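Structure first, then comments.
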Amino acid sequence: MKQKPLRERRQEPPQESAGQLIWLVGAVLLATLPHAPFVHPWIPLMVVAISASRLWLAFNRKRLPSAWLRVPLTLLAFTGILLTYRQISGVDAGSSLLLVMVAMKLLETRGHRDRAIVVFICYFLLFAAFLREQAPWAPFYLAIAVLAATTALLQTARRDQPIRAGRALWLAGRIVLQAVPLMILLFVLFPRVPGPFWSLPQRGGQATTGLSDSMSPGDITELALSDKVAFRVRFDDDIPRGASLYWRGPVLAQFNGRSWSMRARSYLPGLVDKVDRNGDSITYDITLEPNNQHWLLALETPVYWSAQRSTLTSTFALASFSPLDRRLSYTATSIVSGTTPGNMPDRARAADTYLPDGSNPRTRDWARMLRSRHETDRGFLSAILDTFRNQPYFYTLTPGVLGAQSVDEFLFSTREGFCGHYASAFAVLARAVGIPARVVTGYQGGELNPLGNYWIVRQSDAHAWVEVWLDGRWERIDPTAAVAPERIEWGMDVAIDRGSVGGAAALRGSAFAEQLLLSWDAVNTAWNRWVLAFGPDSQTDLLSRIGIPEPSTRHLILALTIGMALCLAWIWWLQQQRQAPRRDALAGLYRLLCQRTARAARPRRPDEGPTEYARAIAARRPDLATEVQRLFGAYARLRYDGPADSRRVARFREQVRAFRPAATPPADSPA
Amino acid sequence: MTDSVARIADHDRLAKARGKAERVVSRVGEIVLGKDREIRLAVSCLLAQGHLLIEDLPGVGKTLLARSLAAALGLDYRRIQFTSDLLPADVIGVSVFDQTANAFHFHPGPLFAQLVLADEVNRATPKAQSALLEAMEEHQVTADGKTYDLPEPFFVIATQNPTYQVGTFPLPESQLDRFLMRIGLGYPAPELERKLLRGDNRRGLLADVEPVISVEDIAELQAAARSVHLADALLDYAQALINQTRDAPELEFGLSPRAAVDLLSVARCWAMLEGHRGVRPEDLKAVFGPVVGHRIKGRDQYAGRDAETLAEAILDSVPVP
């Protein structure tokens, strides 16, 4: 008996070749990497360890572990996940589960099916990676990973005919590239559902950065050290000079002697109507980084904003109803006449001039003394600013620690502070003489990125200033401007030597690095603006611009379904065209004939010709011999002996249809 | 209408040709017992105007097959015994100075025959081998700057000892490619061997063999073979087979286009002998191993495997449409 290596391979696939396995393991590792920083470290370690041992087993021609090892190991891993996360749903636990599954599956890749499962879990992991990382480089990484996974799939799919790695890679590249137009089409047309459908439950315990609802001395200093981007702004028209860019956040009107905090928020939806709209207006787009807080930054005083589920508070700050756990883009229009409207009933006046009894006595005495020297409130206030300006007060990131009477200590002993200290002191001084005052926190200034023509506002631009009630309006006064005018004019980097801060801030020293950082930020911003922010509104907008007004989700789904069906039909038609010469009537009849003989005796091996097969059937079923020989002979003549005329094909069709052999030979005939 | 008339005419011609070819096969079969398949392959090879390489152990009947073919076909037969000291001139012929004519006169060598048996071709040095192989390709020889045409038809049946035997110069791949087909004969079946042991000297029978067809008949048979139909489905199959030799990881290299053309022309002759009007997959499969075997080479762990096995594996891995 001669050996038939190729046929053996087809019937019982042997272990994959080393190359195949390397691609498969590579695909698994590439799919694991995006999740590695987010899941508990033991999970990626386990994936790497199992991948390495799988390769070791293959290269040393060892047997794969038996079920006795695999099943307990799997159960152990599942228990580990349960113990780590106390659940098996959610992004972290879910991806951990997938990671463990794909690693365990690697240990039992015996056949094509197992390898295909590994690849499909890889695809799913890569898809889930978008929940982790949506930076502009992420699609490129994922494209590479998908390429590797597809290569591995192609290598395992060609069972009877192994495919070289280079060729598989080339094919996979073509497949991935061919998918790109479809991807873009789906990106544009796939129905976007507004609301929480897209947002998965957030990973808990995420650190919050940004402005908080209260301010103690030194709080803003922490922010000033952070180079993280708070938000980006693009102005529709002229870009105002940095000096007027006061981005209002939470308004802190409650003072306890040491720290400022917010009053319980009251939402006044009708407030917008009270704004005098005759002032200069400015419109801008803000893309806010997620910070798990409620504040939507805006210039004073916002009269229009596009963010949903948000409101204007009584202090004219914009607040979202839910914490900002995703990047949010909105357009806002502000009236920039420099003051914030409001009204001041007596009760409110009492609250806004309240100072706790016995707090900061020296400050209050000094304020009363100073007020008595000036005729007007305004004169008094500018005298305070003059004091800050002319006396030895210092603007520093590292002020001394302040005790309970923080303002007293700041004004009369340490004399050095950050914007928060000055704002706090100024507001206390104003309140001490009965002028309603409050601290406003937010951001001031920002960095213009000329490449994308937008402003980057970082956490280090966090600022605090004061609003005082003068002449029936809230008026902004920035005491920091008196101490360190360069901070307001040029930003934080100029005001304070931050060489010691290190990190990206230090990098920003060199012009080239600065250019690089700005370019990268511009790419990021364009990505956020054009890709990530493509939500239901942008979709409707785009579609109506190309002539599909008011597309409803239902219409989109319908259109997509029809489009998909057409695509599939087209692919099917192409396939048909390609196989047309083989799928003619004669081929169909031959298949039918083979099906019938397959039931009666055995199926035709793919490599058997008609005559050979007929002979084999005849040997097995002597009762059918004549009939089978005649039919297969007729087929061979029609198929191979020159052009078949249709009458003979028709006769052959009748014969085939009439041929219905019994599944088992009749009892009296020799089997 | 004319089409079907032409087809019927073709049919007749094919049937007649088949009858004649069958007579050759059965006549040779009377002398070389139990080797029906090999005889048919050899006849197909000659009808396809190719040269035949028989590779087997000494004494299994290689020479007998060649001589009986020559006798049955009525061809003028010469034999060249290749040895390690054979010179090209011993094959081609030499120019001898004729004193009376005062000129060189060419004495044709044993190559000038219609059927040449090159016995144990791999015992000669490459130089002598290439003299033969060049003649096979060109159907002419060149000696002292003059070109001499070889007789038509011109067939070479070369025999070769298995290359592992001592004192052999294996033919390089490029020269093996010049042989249309390589066959082995193998030991006879036991009952036939018994007949052989009991019976007459087979060589003695050769003297009695009369040609069953003429040289003109051979040309006619060759033309008839060329009229055997090649259906699209068959060409698809043939191409799939050829591509498989190029893609299969077991093989060092795939078949050349020349090999592909050879494959189909032999398959046509085989189909004609089988009485088929068109080449069927089975015809192709029957000649695939002999035509392809000496032109492929196993790679890596398949290197030691014999060519027939590899060819078989290729056949097994390609579905018949």
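The values are calculated or read from the model by the stated rules, or taken from the named source; none is laboratory data. Given the structure is predicted, the values throughout are model-derived calculations rather than measurements. No Cβ is skipped: glycine too gets one built from the backbone with ideal geometry, and neighbour counts run over all protein chains shown.
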Filter result (within 14 Å of chain B (Cβ to nearest Cβ) and within 12 Å of A:PHE659 (Cα to Cα)) within region A:594-611: A:CYS594
Test for A:GLU447: is it touching a residue at least 40 places away in the same chain (Cβ under 8 Å), on the phi < 0 side of the Ramachandran plot, among the acidic types (Asp, Glu) and crowded, with 24+ Cβ neighbours inside 10 Å: no
Selection count, region A:612-639, where residues are within 14 Å of chain B (Cβ to nearest Cβ), without any contact (Cβ under 8 Å) to a residue 24 or more places away in the chain and over 60 Å from the mean Cα position of the chain (by Cα): 8
Filter pass, B:VAL261 being more than 12 Å from chain A (Cβ to nearest Cβ), over 18 Å from A:GLU612 (Cβ atoms) and either more than 21 Å from the chain's Cα centre (by Cα) or modelled with pLDDT of 90 or more (or both): yes
Residue list for region B:217-256, filter: over 22 Å from the mean Cα position of the chain (by Cα) and among the basic types (Lys, Arg): B:ARG246
Check on A:PHE140, free of Cβ contacts under 8 Å to residues at least 12 places away in the same chain, part of a helix (DSSP H, G or I) and out of contact with any Phe, Trp or Tyr (no Cβ under 6 Å at 6 or more places or on another chain): yes
The one condition in (1) outside any strand (DSSP E or B); (2) more than 19 Å from the chain's Cα centre (by Cα) that B:MET136 fails to fulfil: (2)
Restricting region A:640-655 to residues that are farther than 17 Å from B:ALA233 by Cβ and modelled with pLDDT of 85 or more, the residue that is farthest from the other protein chains (Cβ to nearest Cβ): A:GLU654
Residues of region B:279-313 satisfying the condition of being surrounded by 21 or more Cβ atoms within 10 Å (Cβ to Cβ) and at the interface with another protein chain (Cβ under 7 Å from one of its Cβ atoms): B:VAL279, B:ARG280, B:PRO281, B:GLU282, B:LYS285, B:GLU312, B:ALA313
Output for region B:207-241, where each listed residue is more than 22 Å from B:SER256 (Cα to Cα) and touching a strand residue (DSSP E or B) at 6+ places or on another chain (Cβ under 7 Å): B:VAL228, B:HIS229
Count of region B:190-245 residues which are away from chain A (no Cβ under 14 Å), assigned to a loop (DSSP other than H, G, I, E, B) and polar (S, T, N, Q): 2
Residue within region A:623-634 that is more than 20 Å from B:PRO321 (Cβ to Cβ), in the same structural domain as A:ALA650 (by TED's automatic domain parsing), small (Gly, Ala, Ser) and modelled with pLDDT of 85 or more present: yes
Hits in region A:14-68 (condition: over 36 Å from the mean Cα position of the chain (by Cα) and of a type in the set (Ser, Thr, Tyr)): A:SER17, A:SER66
Residues that are in a loop (DSSP other than H, G, I, E, B) and either among the aromatic types (Phe, Trp, Tyr) or over 40 Å from the mean Cα position of the chain (by Cα) (or both), drawn from region A:436-483: A:PRO436, A:ASP471, A:GLY472
Per-region count, region A:395-425, residues assigned to a helix (DSSP H, G or I) and in contact (Cβ under 8 Å) with a residue 12 or more places away in the chain: 14
Residues satisfying the stated conditions in region B:145-178, i.e. of a type outside the set (D, E, K, R), closer than 16 Å to B:LYS297 by Cα and touching a helix residue (DSSP H, G or I) at 6+ places or on another chain (Cβ under 7 Å): B:THR163, B:PRO170, B:LEU171, B:GLN175, B:LEU176
Qualifying residue in region A:408-416 (condition: crowded, with 16+ Cβ neighbours inside 10 Å, under 25 Å from A:PRO436 (Cα atoms) and at pLDDT below 80): no
Among the residues listed as A:PRO37, A:PRO72, A:PRO44, the single one being under 23 Å from A:ALA149 (Cα atoms) and surrounded by fewer than 16 Cβ atoms within 10 Å (Cβ to Cβ): A:PRO37
Some residue of region A:588-608 being polar (S, T, N, Q), in contact with a helix residue (DSSP H, G or I) (Cβ under 7 Å, 6 or more places away or on another chain), in a helix (DSSP H, G or I) and more than 20 Å from B:PRO321 (Cβ to Cβ): no
Residues of region A:115-130 classified as buried (at least 17 other Cβ atoms within 10 Å of the Cβ) and modelled with pLDDT under 90, total: 3
Cross-chain or 6+ apart pairs with Cβ under 6 Å, region B:276-295 first and outside the structural domain of B:LEU180 (by TED's automatic domain parsing), then hydroxyl-bearing (Ser, Thr, Tyr): B:GLY278/A:TYR640; B:ARG280/A:TYR640; B:PRO281/B:TYR237; B:GLU282/A:THR611
Hey, A:ALA93 in a helix (DSSP H, G or I) and at pLDDT below 90 or not: yes
